[in-house]
Amino acid sequence: MQDHRATIENFYAAFARLDADRMALCYAEDAEFQDEVFHLRGREEVGGMWRMLCEATRDKGRDDWKLTWSDVTANGDAGQARWDAHYRFSATGRLVHNRISARFVFDHKGLIARHHDRFDFWAWSRQALGTPGLLLGWTPMLRNKVRAQADANLRRFLARGQTAAAR
């Protein structure tokens, strides 16, 4: 039987070090990731998101970065954890403390097949965006705008990586 708890622990230990490549190795090729902002399919997209976020943190906020995790449990083919991220949001330079609940489903190889993070978008937007987040963070309009911008950023990031790999 696979040790899914160890996979979760390894995932967050890599995240704490901003090691997105090690994080991506925890996912199955056809993995799915979902949170309040991203809906992604495949290790390339999911790993790309983590690489983009880790790179932005290293470049613009390494001194403010802190990740902790707790309540890791796993049984059968599922697991869960809670994690807290303290970071500087690269788009605004504002400090954020995001509290996230994660759920995982594992494939027969012990890799993450589905990963679903949940957090309070309004609380996040108040910290990350300031007054616009305070006033509009509860609305679908702002959430959709953030999702569209995040998706566009990820598409540019992934394209940049493919261009670099082609050289």
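The values are calculated or read from the model by the stated rules, or taken from the named source; none is laboratory data. Just so you know, these numbers come straight off a predicted model, no measurement behind them. Methodologically, a virtual Cβ is constructed for each residue, glycine included, from the backbone with ideal geometry; neighbour enumeration extends over all protein chains shown. These accessible areas exclude ligands, DNA and RNA; they are computed on the full protein's heavy atoms, side chains included. Shrake-Rupley method; radii C 1.70, N 1.55, O 1.52, S 1.80 Å.
Just a few scattered comments:
- None of Ala102, Ala123, Ala128, Ala148 is in contact with a Phe, Trp or Tyr (Cβ under 6 Å, 6 or more places away or on another chain) and small (Gly, Ala, Ser) except Ala128.
- Selection from segment 36-69 of residues that are buried (at least 19 other Cβ atoms within 10 Å of the Cβ), outside any strand (DSSP E or B) and of a type in the set (Phe, Trp, Tyr): Trp50
- Failed item in (1) hydrophobic (A, V, I, L, M, F, W, C); (2) in a strand (DSSP E or B); (3) open to solvent by less than 60 Å² (accessible area, probe 1.4 Å); (4) touching a helix residue (DSSP H, G or I) at 6+ places or on another chain (Cβ under 7 Å), with Ala113 passing the rest: (4)
- Members of segment 85-110 found to be polar (S, T, N, Q) and open to solvent by 40 Å² or more (accessible area, probe 1.4 Å), listed by number: Ser90, Thr92, Ser101
- Figure legend. Inter-residue proximity from segment 119-132: first residues farther than 15 Å from Gln149 by Cα, second residues among the polar types (S, T, N, Q), beta-carbon distance below 7 Å, spacing 6+ or different chains. Indicated pairs: Phe119/Asn98; Trp124/Asn98; Gly130/Thr92.
- Segment 16-35: number of residues that are within 12 Å of the chain's Cα centre (by Cα), under 20 Å from Ala78 (Cα atoms) and outside any strand (DSSP E or B): 3
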